[in-house]
Amino acid sequence: MLNKSNLPLGSVDIVTTPNNLGRPLQIVDNPKVLLVRPPQLFYFGVWPKGPRLGLPIGLLSIATFLKNMGIDAEIYDCFVEGDTFVGDRFNPNNSIFSGNLVKQWIRNFEDSGVTPEDIKNKNEMLHFGASWNQFQKDLKRLQPDIVGLTNLFRENTNETIKAADLIREVLPEAVIIVGGPNASALPDYILDESPAVDIIGLGDGERIMLEIVEWVQGKRSLSTIESTVYRDSNKNVRTPKRELLTDLDELGHIDYGLLKIERYFTYERNGIMARNKLSYDGSERSVSLVTSRGCPYKCSFCSIHIHAGRKYRRYSVEHVLDHLENLTKNHEVRHIHFEDDNLTLDRNRFMELMHGILDRRLKFTWDTPNGTFANALDEEMMLLIKKTGCTYLIVAPESGDQWVIDNVIGKQPLTLENVMRIFKLAKKIGVDMQAFYIIGFPRETLKQINTTLKFAMNALKKYDVLPHVAMARADPGTDLFAEAQMNGHLVTDVTVSNTGGVHSDMFTRHLIKNKEFDPESLAKINEAFHRTAIRISSFKTLKRLLRHPSLALSSMFYFINNFRKSETIRDNIIKLFFCRLFYLNSLSRITEFEKK
Ligand code: B12
Ligand code: SF4
């Protein structure tokens, strides 16, 4: 494990003046670090309604690492701060959030007279998390010397900038650094938009933050900290790229004591969750984790390489198993979302992991909401996937047209033949399967889009594979963005931040057009596709329930139990289908999962 004595520090200079901040740097012997996830505006939108919330695992990894290095580090996650909670319990007396959280979320829109139609047209969104006032009050109380802000999504660029500006108001001397996937993609934009931000950290944040601490301690100069961008004489300077850490075990074991973990489970119990997933009694104790970082593939739309690199870097299997053991035994976690970009890339490692889960008798259910690579899967793997408690596996062919896969997306060496083989296998073995598809690339024709939709429908009809069709999203830093911008395929000219153009849940608001389609026409095609897909899935479910009356009965109990937790019968029914009935295989094994 990395510790202070064996850390490769590079050349350690004494701090130089001027120090690039535009103000004197306060040298502090034991600086206090506060790692912050800002509040976020969320769209009311598609189901699950309201905010998406998971543990801030990037900040958790950084805080754990700093703590192991003897540094005073704390996490302030605005999503679970404020007066929404009394201790770790939901605060029933809170005038803003009384009653069920999702209900309240919806009511906030209704109270302000915003209808779903308005939202579609006007891009209405709602603040989620500690109020800005509360945030500033807490910052004054906590008095950190260094504040690290995380910015994962392009959607919350504005909130990140606002957070930095408000931090600066109450902490004029603090060093403010922003990191995360979006900050790594838009460092200049963020620095230019917010004079409050001092530094952008690119990629992995653990060692960058340690070195920032050393800089504040007066032990090195800013220019020696690799993979950062900062202002120097009115221009932005980028330090050399640091070598990626390949053995992730060196970052140490995640310390969940750094989070108010029960609050996340409380949210999930109330319907505010990160991911759709199989729902059963207790499954709200779910946690996202990554066992690896980076992906060697080069899909044109994907931004992973910008912050995580193309090298597949991993924790050892032993490390992951210890992690899972800690979560299940010490925090009673029942469900894991493996968020790896490519959990199955290294077959041997994956098989070891599966065997390890069985050998250690670790009891939890799991899924892969971020997708796996179809080429890597085989029957032996699939059997273990089922045995270890997988509730759904996602593969991401991205397109149902091989030419598009090869020439537009560049997801090689993926073949649709292999994808169909895996779908068939999953059905035979009894693993619930879902698939990600993308439509609307600049060089795509309507004919190719139809081929994809046909492929997806065929997979659903024949092999019960639930389709998720998204419209192409051009993120800055990706090949897709460069191509769309260069050839005039972007609908708006908001080229860099796009913060006003798209929001996560607004699949109908996308930016790419070509001679054959624009975002509106494509959205209609997509909506029609999903309506049919839902009808077919519902029909399959009803058939299964008719064949298994005991499942119908238990689902009815689930529905009644959950009724209080949702706003309307309609929402309840949607939840019943999306979180339970569409998982045909898992549904048959639901009692097994409940006992786990
Ligand atoms: C889990 C996940 C989610 C979860 C988040 C759960 C949660 N924790 O809250 C959910 C389901 C909510 C989600 C939703 C979406 N996601 Co998502 N998601 C991911 C995923 C798969 C993993 C993120 C993660 O936890 N990684 C592991 C941790 C360890 O890494 P990390 O957070 O990046 O942190 C490290 C560094 O970035 C850095 N760092 C992070 N913060 C800081 C701060 C400082 C100060 C420093 C120095 C460094 C630093 O150091 C950390 C440790 O090394 C990533 C893909 C990926 N591999 O990154 C996509 C990703 C972040 N998501 C993405 C997208 C597009 C979305 C959606 C818009 C999808 C959609 N259309 O709905 C929505 C947005 C939701 C919203 N809030 O508006 C994109 C973002 C691209 C972009 N630039 O905007 C990514 C990169 C995927 C991709 N291939 O494009 N997502
Ligand atoms: S395989 Fe997945 S993570 Fe890797 S580049 Fe393609 S989309 Fe991104």
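Just so it is clear, none of the values below were taken in a lab; they were calculated from the coordinates. Please read these numbers as outputs of a predicted model, since none were measured by experiment. A quick note on method: Cβ atoms are made from the backbone with ideal geometry, for glycine too, and the neighbour counts reach across all protein chains shown.
DSSP finds beta bridges in the chain, and of those with both partners inside it, around 30 percent are antiparallel. What angle, in degrees between 0 and 90 and rounded to the nearest 10, separates the Cα long axis of helix 519-547 from the longest principal axis of the Cα atoms of the chain? For helix 519-547, the angle is close to 50 degrees.
Ignoring everything except DSSP H segments at least 4 long, calculate the 222 nm mean residue ellipticity for the chain; use -39,500 (n - 2.57) per segment, divide by total residues, nearest 500.
Dividing the helical sum by the residues of the chain leaves -11500 deg cm²/dmol.
Just for segment 275-595, what percent of DSSP beta bridges are antiparallel, to the closest 5? Approximately 15 percent, going by the DSSP bridge assignments. Between residue 158 and residue 275, the modelled labels are 2.9 nm apart [label points 7 Å from Cα along Cα→Cβ]. Lacking any other cysteine beta-carbon closer than 4.7 Å, the following Cys residues of the chain have no compatible partner: 78, 295, 390, 579.
Among 219, 329, the ranking by other beta carbons within 10 Å of each residue's beta carbon, starting with the fewest, stands as 329, 219. Quarter the surface of the alpha carbon convex hull of segment 119-197 and you get the mean projected area, 5.7 square nanometres. Structure shown: which of 219/311; 235/311; 387/462; 32/137; 298/387 lie over 26 Å apart, alpha-carbon to alpha-carbon? Cα-Cα > 26 Å for 219/311; 235/311; 298/387; rest within. With the simple spin-label model, which puts each label point 7 Å out from Cα in the Cβ direction, the residue 192 to residue 379 separation comes to 5.7 nm. Averaging Cα coordinates gives a centre for segment 376-419 and one for segment 159-197; these two points are 39 Å apart.
Label separation (residue 169 vs residue 428): 6.3 nm, computed from points 7 Å beyond Cα along the C-beta direction. Over the chain, the fraction of Cα-Cα pairs per 10 Å bin, rounded to whole percents and listed from the shortest bin up, is 3, 16, 27, 29, 19, 6, 1, 0.
Where the centre of each part is set by its Cα atoms, how far does segment 322-349 sit from segment 258-319, in angstrom? Cα centroid to Cα centroid, the span is 9 Å. Beyond 21 Å, what share of the Cα-Cα pairs of segment 237-363 remains, rounded to the nearest whole percent? The calculated P(r) of segment 237-363 puts 49 percent of pairs beyond 21 Å. Helix 549-563 versus the longest principal axis of the chain: what is the Cα-based angle in degrees, 0 to 90, to the nearest 10? For 549-563 against the chain, the angle is about 40 degrees. Every Cα-Cα pair in segment 394-451 was counted, and those over 14 Å apart are 54% of them. Would you work out which of 178, 458, 394 lies farthest towards the positive end of the dipole of the chain, given +1 charges on the beta-carbon of Lys and Arg and -1 on that of Asp and Glu, about the Cα centre? Positive-most Cα among the choices belongs to 458. Here the Kirkwood formula puts the hydrodynamic radius of segment 275-595 at 20.8 Å, using every distinct Cα pair. Calculated FRET efficiency, residue 355 to residue 539, Cβ-Cβ distance, R0 = 51 Å: about 0.85 to the nearest 0.05.
Can you sort 335, 127, 489 so the residue with the fewest Cβ neighbours within 10 Å comes first? Walk me through the numbers before you get to the answer.
Working: 335 27, 127 15, 489 21.
Fewest-to-most ranking of 335, 127, 489: 127, 489, 335.
Distant-in-sequence amide contacts of residue 75, defined by a placed amide H-H separation under 5 Å and a gap of 5 or more residues or a different chain, comprise 35. Axis angle, to the nearest 10 degrees, between helix 206-216 and the longest C-alpha principal axis of the chain: 20 degrees. Note: relative contact order over the chain, using C-alpha pairs below 8 Å and six or more positions apart, is 14 percent. Close amide H pairs (under 5 Å, H built 1.01 Å from N) link residue 393 with 432, 433, 434, residues at least 5 positions away or on another chain. Once the chain from residue 556 to residue 26 is taken as fully extended at 0.36 nm per residue, the excess over their C-alpha distance is 184.6 nm. Think of segment 275-595 as a dipole: +1 on every Lys or Arg Cβ, -1 on every Asp or Glu Cβ, centred on the Cα centre; then among 333, 484, 345, 333 lies furthest on the positive end. On the basis of the beta-carbon distance and an R0 of 30 Å, residue 532 and residue 594 show a calculated FRET efficiency of 0.40.
About the centre of its Cα atoms, the chain shows a dipole size close to 2220 debye [charges on the beta carbon of Lys, Arg (+1) and Asp, Glu (-1) only; nearest 20 debye]. A Förster radius of 25 Å, combined with the Cβ-Cβ distance separating residue 318 from residue 387, puts the computed FRET efficiency at roughly 0.80.
Across segment 305-408 the C-alpha pair distances fall into 5 Å bins from zero in the proportions 2, 11, 20, 24, 19, 12, 7, 3, 2, 0 percent.
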